[in-house]
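Everything below concerns the one structure shown next.
The values are calculated or read from the model by the stated rules, or taken from the named source; none is laboratory data. Note that the structure is predicted; figures quoted are calculated from it, not measured. Ideal geometry is used to build each Cβ from the backbone, glycine not excepted, and the neighbour counts take in all protein chains shown.
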Amino acid sequence: MNEFKPVRFVDVALEGQFWRERLETVLTRTIPSQHVQLGKHGILESLTLPNPPPPLRFSRNEHNFTVQVFWDSDVGKWIEAASYALSHRRDADIEAKIEKIVDDLEKAQAPDGYLNCWYLQREPDKRWTNLRDNHELYNLGHLLEGGIAYFLATGRRRLLDILERYVEHVRETFGPNPGQKRGYCGHQEIELALIKLYRLTGERKHLDLAAYFINERGRQPHYFDQEAVARGESPRDFWAKSYEYNQSHRPVREQTKVVGHAVRAMYMFSAMADLAAELNDASLKQACEVLWADVMNSKIYITSGLGPAAANEGFTEDYDLPNDTAYAETCASVALIFWAQRMLHLDLDGRYADVMEQALFNGALTGLSRDGEHYFYSNPLDSDGRHSRWAWHTCPCCTMNSSRLIASVGGYFVSASDDAIAFHLYGGISTNIRLATGNVSLRETSAYPWSGSVRIAVSPDEPAEFTVKLHIPGWAQSATASVNGEPVDVKRGIEAGYLSIKRMWREGDTIALELPMPPERVYAHPSVKQDIGRVALKRGPLVYCAEEVDNPGGRVQQLKLPRDVSIETQERGDLFDGVVTLTAPAQRVEDRGWGDSLYRSRPPAVSDCSLTALPYYLWNNRAKGSMQVWLLES
């Protein structure tokens, strides 16, 4: 396992236009507007435990479940995102809003440390009776991640103290010892938070508790069966019908196929990779690698979307990747980034960086609108125009997942070991890194992802020998590099997707990296039946789509792209503060002259037209209309 550790986002300054604009939008619009929505929908009020409890805002569904049971998690994610924002720029108003939440949580906490506002207010006698469905540990996990982020941003630890008391209650409640419950959460998350707490405090007990929850999962007799019987229910009545839904159908090391709810799976795999690194656990690492291969070989959309089905918000069968009904939850792409980064730090292998980049620029960014106040929950690759962004959702999990990712995105760019620095992403950043040989200042300058021309200024305080590793994305053919104008042999220097440049570095040294970005046609495996006869367009890390607003004359589903035409790039300074679109001669299947018949023996008319495609993450930011990623090819 490699020795590289990610450079924290607070130590990475985003200077390129692409990420600076997204970050500024999140800081000034997204986070404040999310707080307004949390208040408008009663989520903040729920922390005060009003008595008597008000009527449910969201009634129970056919499974006797209401989304209000995990409102605490939405608050936790907002605190985390807002704290990341405070790390960039202190804001007294945001801090006051967080402090008000801390006041409410402090008052709500039970004497024994328990803190779940749903149960404390509405079902105090049913604590820890339904881990399968009701998210108690999941809520704690997100609150804990928020408390850690707030402490790191401000030095204030009152919230962290509250949550550490809750963690101690959990530690007493769960475990293999007599009198403890041998349970774990139906929605994985607490494991990630506990590992973060371990890394913050250095206290091994937090790592051990995270390992317990992972190792206990799927053990027989099955805990969810036992608790269902204790509630007076039959385990056979579980609405999902299988524990594959929450990945507890078998112990984690025995799982070889990715199944069930996509976000749950990604969170669990992320925790497994973390534990593999912290415990040097080869069996967990191998399990992660097997599951990674299963996702990459048959279950991931070209946009990095995960989970085709709304029924389980997750996976179905190999190669089942429908476009118009794709669920592809934003949260799942965000969680895939978490997993990819952790796999990358088990082995510095470019295939993980490739997926991290793909998910970041396509799956995750799509979830947040340009104005920073509208969202996608699901992300289809084909739309007739009815799919549109919303200002809020009954289950607002994706809103804060988008904002907390963007506010901390700098932490995904660079890693360091004692004697090397590795760049995984590009986009215009600066940072200072302490190596064994001394401090090194770095500034990466680029217009990425619109241009693959990257310049990196390497300035050690004193001349020193170390290695700089540059991720060469899998899509980048014929990459070239030089140092101070002297060419570097990329083919000989690349290993596992990284170009290594080891030398005596001096102040003023400059690396030039060229990653050519010609438009590219991409085809799906023939077993993906929905994409047979279709082609997708990519340029660099970006997947493109055709949107009706750029292709007037009817739905884009009527467009056909001839295989032999060339695809051109066009710089559009007038669109979204500057983007690169793709254009090509195309054909449109017409309904003119067809008449009223549903079928006829003659094919429809075809007319010549021009096709314009823009990056998928930008769709549905203008007029409503149809959209398609996989185009008919003629």
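Could you run through region 17-37 and say how many residues are within 17 Å of residue 401 (Cβ to Cβ) and not hydroxyl-bearing (Ser, Thr, Tyr)?
Of all residues in region 17-37, those within 17 Å of residue 401 (Cβ to Cβ) come to 22-23, 25-27, 29-31, 33-35, 37.
Narrowing the set further to residues that are not hydroxyl-bearing (Ser, Thr, Tyr) leaves 22-23, 26-27, 29, 31, 34-35, 37.
Residues that pass the stated criteria total 9.
Any residue at all in region 211-224 that is under 30 Å from residue 152 (Cα atoms), over 24 Å from the mean Cα position of the chain (by Cα) and not β-branched (Val, Ile, Thr)?
Yes, that holds for at least one residue.
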Pair list, Cβ < 8 Å and 6+ apart or interchain, from region 599-620 residues that are of a type in the set (Lys, Arg) to residues that are at pLDDT below 95: 600/594
Selection status of residue 228, surrounded by 20 or more Cβ atoms within 10 Å (Cβ to Cβ) and over 26 Å from residue 74 (Cα atoms): yes
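Residue by residue, here is whether (1) in a strand (DSSP E or B); (2) more than 25 Å from residue 463 (Cα to Cα); (3) over 26 Å from the mean Cα position of the chain (by Cα) holds:
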residue: 418; (1), (2), (3): no, no, yes
residue: 421; (1), (2), (3): yes, no, no
residue: 431; (1), (2), (3): yes, no, no
residue: 441; (1), (2), (3): yes, no, yes
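Every residue in region 310-332 that is of a type in the set (Gly, Ala, Ser) and under 24 Å from residue 405 (Cα atoms), please. Quick ask: steps written out before the conclusion?
Applying the first criterion (of a type in the set (Gly, Ala, Ser)) to region 310-332 yields 310-311, 314, 326, 328, 332.
Answer for region 310-332, where residues must be of a type in the set (Gly, Ala, Ser) and under 24 Å from residue 405 (Cα atoms): 310, 314, 326, 328, 332.
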So residue 236, is it farther than 23 Å from residue 310 by Cβ, part of a loop (DSSP other than H, G, I, E, B) and either in the same structural domain as residue 314 (by TED's automatic domain parsing) or of a type in the set (Val, Ile, Thr) (or both): no
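Tell me, which helices (runs of 4 or more DSSP H) lie completely within region 1-49 with 3 or more residues that are under 30 Å from residue 467 (Cα atoms)?
17-25
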Matching residues, region 563-582, being out of contact with any Pro (no Cβ under 7 Å at 6 or more places or on another chain) and outside any strand (DSSP E or B): 563, 564, 566, 573, 574, 575, 576, 577, 578
Failed item in (1) under 20 Å from residue 26 (Cα atoms); (2) modelled with pLDDT of 95 or more, with residue 381 passing the rest: (1)
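Yes or no: residue 74 surrounded by 15 or more Cβ atoms within 10 Å (Cβ to Cβ) and assigned to a helix (DSSP H, G or I)? Break it down into steps so the answer makes sense when it comes.
Values: surrounded by 15 or more Cβ atoms within 10 Å (Cβ to Cβ): yes; assigned to a helix (DSSP H, G or I): yes.
Answer is yes for this residue.
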Extreme residue, farthest from the chain's Cα centre (by Cα), among residues of region 451-487 that are buried (at least 21 other Cβ atoms within 10 Å of the Cβ) and farther than 23 Å from residue 352 by Cβ: 460
Leading residue by the ranking (modelled with the lowest pLDDT) among those in region 544-584 that are at positive phi and within 26 Å of the chain's Cα centre (by Cα): 577
